[in-house]
Every structure is written in C-alpha cells, then in structure tokens.
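Contents: one structure, followed by commentary.
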Amino acid sequence: MIIHGPSAAELPVLRDIERAAGEPFRGLGMASIADDEPPSLEQLSGFQRAGRLLAAYEEREPAGTSTNRDRHTAGPPIGYLLWEPVDGCTHIEQVSVHPDHAHRRIGRALIDRAERDSGPGALTLTTFAEVPWNAPYYTRLGFRVLADTELTPGLRAIRAHEAALGLDRWPRVCMRREAGRSDSGP
C-alpha cells in the first residue's frame, strides 16, 4: 500500500469513497448518516493545502514489469484521512476506506501515518460508540474512550457542533490514543 497526499484531480474520488463507506450505516438504521454529504471539494482542498489530507492507494505493478519488483505504480485512492490540530493533539476528522477494500488494515495504516506526519502528541477522534467499525475498531487500534472530565475545550467544541448537526441521535464518544501506540492491537 502507498500512502501520500492526493492530487487535486483525485479529490472527487475521495468524495465517492465517503459515499460508499457510508452505505453500511443503512443496515444499522442510520440512513441519515449514509445520506450525509461528504466533505466538499473546497473543504478537501483546504485540508490538502494545509498538508492534513492523506490517501491510501493499492500498489500495482506497471504492465509488462511483472519481474521487476522495484517499480510499482498506484491505482486510484481507496481510502483517505483528514486531520487537524486540536488542543495540542492530532484530531482525526475523518477516516474512510472504500468497502471493497475493507478488512485490509488500510484505516490503521492511514491513522499510523497521520501520527508520524503530524509530529509528537496524542491522537483524538470522535465516533459512534456502538457502530462495530467505529469505537470498537478504534479501541483495537489503541484508542480509549475519554470521560467527560477529560475533554479539552477543542473536543468539547467539536462535540457541541456534532450535537447541533443531530449526530447525538446515536451514542457518540471522544477517544484518544497516546503517542507511540501505532503498533497496538491485532
């Protein structure tokens, strides 16, 4: 797998990934989450310009070079991650992997790369507590649920914004992974 910042031409593909990644929420009675509009091209461009957008690509060998294992090319993005600094931490705003590429540790690789690229400090995120591919997944990656008393002002503001958007129809949590935990979990 290859992870790097996507090109401007690839940003629409990220929106398609987000739409596809949202579809499984329908099966949990969360159609409004599945129907939620992905980040706009303008928003994605802002993260890209700030250096806080990563995309994952399948590594593919160019045609006619099956014996040359040193030269590879990448196909289109199959997953992406957005992050921003919040109260001295790297806050994961969004991580999505196309369902056709699920269960291949792509989300983990994106999170670990964001940790390396963003510098020292913990990782934080907000997520649905009871969705199997949300909080339980992040727990396996070394994140822990924060108590309300542990929330920083920035995390409180993020949660307030999410509540205003109606996301609190389902239980949500803030989570944190201390720096250097990228090798945790199965």
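In the full protein context, the chain carries 52 Å² of accessible surface per residue, based on a 1.4 Å probe and ignoring ligands, DNA and RNA. With the Cα gyration tensor of the range 88-186 giving a ≥ b ≥ c as the square roots of its eigenvalues, does the rule (a/c under 1.5 for rounded; else a/b larger than b/c for prolate; else oblate) give rounded, prolate or oblate? Oblate, because a/c is 1.5 or more while a/b does not exceed b/c.
Hey, can you grab everything whose amide H is under 5 Å from the amide H of VAL86? Only 5+ residues off in sequence or another chain; H modelled, so Pro and N-termini drop out. Long-range HN contacts for VAL86: HIS91. Stretching the chain fully between ALA34 and ARG104 yields a gain of 23.0 nm (0.36 nm per residue, less the alpha carbon separation). Using a simple spin-label model with pseudo-atoms 7 Å out from Cα toward Cβ, ALA74 and ALA50 lie 2.1 nm apart. Each residue of the range 129-136 was assigned a 3J(HN,Hα) from its phi angle through the Karplus curve 6.51 cos²θ - 1.76 cosθ + 1.60 (θ = phi - 60°); the sequence is 5, 10, 7, x, 8, 10, 3, x Hz, with glycine and proline shown as x.
Return the carbon/sulfur percentage of the accessible area of the chain, one whole number, probe 1.4 Å, all protein chains in place. On the chain, the fraction of accessible area on carbon and sulfur atoms equals 51 percent. Backbone amide hydrogens, once placed in the peptide plane, bring ALA129 within less than 5 Å of ARG172, VAL173, excluding anything fewer than 5 places away on its chain.
Along the range 34-51 the Karplus relation, 6.51 cos²θ - 1.76 cosθ + 1.60 evaluated at θ = phi - 60°, assigns HN-Hα couplings of 4, 7, 4, 5, x, x, 5, 4, 5, 5, 4, 4, x, 5, 4, 4, 7, x Hz to successive residues, with x for each Gly and Pro. Checking the a/c ratio against 1.5 first, then a/b against b/c, what shape does the Cα gyration tensor give for the range 1-63? Cα axes put the range 1-63 in the oblate bin.
The values are calculated or read from the model by the stated rules, or taken from the named source; none is laboratory data. Everything numeric in this text was worked out from a predicted model, so none of it was measured. We place every Cβ from the backbone using ideal geometry, glycine too, and count neighbours over all the protein chains shown. SASA here: full protein model, heavy atoms, side chains in, ligands and nucleic acids out. Shrake-Rupley method; radii C 1.70, N 1.55, O 1.52, S 1.80 Å.
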